[in-house]
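Notes for the one structure printed next.
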Amino acid sequence: MPPVIRMRMPASSDGVSGSLAPLAGRVGRATLQRPMVQAMPTSPPLAIRPLEPASIPAAARLLAASMRDNPLHQRVFAGEGTRLEPLLADAFIRLLRRQMRTGHVLAACEGDVLVGVAAMVPPGQCQPDLREKLAMLSILARGRALRHLPRIARWLRAWARHDPECAHWHLGPAAVDRARQGQGIGSRLMEAVCDRLDVSQGVGYLETDTPANVRLYRRGGFEVVAEEPVLGVPNWFMQRQPGVCSTPCPARTTPASTASSPTPGAAPQSAKRVIESAR
């Protein structure tokens, strides 16, 4: 019988013999040394608080960037292009300073980051005085935008006609950072505004040229009381009664052709009467 030759592989400290030991060691170490999974950073909680005076320029820039594409701004300031946003920011700085003196300017903040703004002024403070009007003229002159003055005057006259006769809080401007829209920030601002209206037992009033805003404000208890094209752009005029909704206040003067419409895009009541009479 031929001799049996037995070969013995040197044992390793891992308990795996021979040339497989280095590989086994690498596999074992790779299994033990898994990369740590880092937790995703969380955003600071959203807080609604009074706007600080030092934050007025940032708030004005946020409003201008968020509202530059509003249909009425595009119609009134047609042709301004890239100059429109700085022009609006200058106007909002002046407006916010006035509103901070007379009413409330609320800021939606995540930590130190401003993500939304909403202003409201008390009864008797809706319309700017002569000094404020002259200041706005100066802003238009600096921005080389005085040619838009006739359209601005028509816009403001149309809005003034719908201003309620009763004492009311006038809301606006209000906007959320463009990159943060659709995340509930506007709803939180609206809740804070409505809380203040209910505490003061005040009627809330606003104008908007954006159908999406109509839906947002309705969730806060506002109802459309009138609809009118301004410079060819549909505008909705909305009121909110404190607590439980009741009969809205009448407008100062509401032309027959601008009777209230219950929903954005619905035919005005005067148009419905014409259609019915033609049947």
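What full-extension length gain, to one decimal in nm, is calculated for Glu110 and Cys166 as 0.36 nm per residue of separation minus the Cα-Cα distance?
Residue separation times 0.36 nm, minus the Cα-Cα distance, leaves 16.5 nm.
Taking R0 as 35 Å, what FRET efficiency do you get between Val199 and Arg131 from their Cβ-Cβ distance, rounded to the nearest 0.05?
The formula returns an efficiency of 0.70 here.
Name the residue farthest towards the positive end of the dipole of the stretch 46-272 from the options Trp159, Trp169, Ala108, assuming +1 on Cβ of Lys and Arg, -1 on Cβ of Asp and Glu, about the Cα centre.
Most positive-ward Cα: Trp159.
If R0 is 25 Å, what FRET efficiency do you get for Ala65 and Arg147 from their C-beta distance, rounded to 0.05?
So the FRET efficiency works out to roughly 0.60.
Given an 8 Å cut-off on Cα distances and at least 6 residues of separation, report the relative contact order of the stretch 46-272 as a percent.
Working: 356 pairs, mean separation 46.2, N = 227.
20 percent.
Computed over the Cα atoms of the stretch 46-272, what is the ratio Rg over Rh, Rh following Kirkwood?
0.94
Once amide H atoms are built 1.01 Å from N in the peptide plane, which residues 5 or more positions from Trp169, or in another chain, come under 5 Å H to H?
When sequence neighbours closer than 5 places are left aside, the close amide H contacts are Val203, Gly204, Tyr205.
Would you mind pulling out the separation of the Cα centroids of the stretch 56-129 and the stretch 189-246, in Å?
If we compute the Cα centre of each part, the gap is 18 Å.
None of the figures in this text is laboratory data; all of them are computed from the coordinates on show. Just so it is clear, the model here is predicted, and its values are computed rather than measured. Virtual Cβ from ideal backbone geometry, glycine too; neighbours counted across all protein chains shown.
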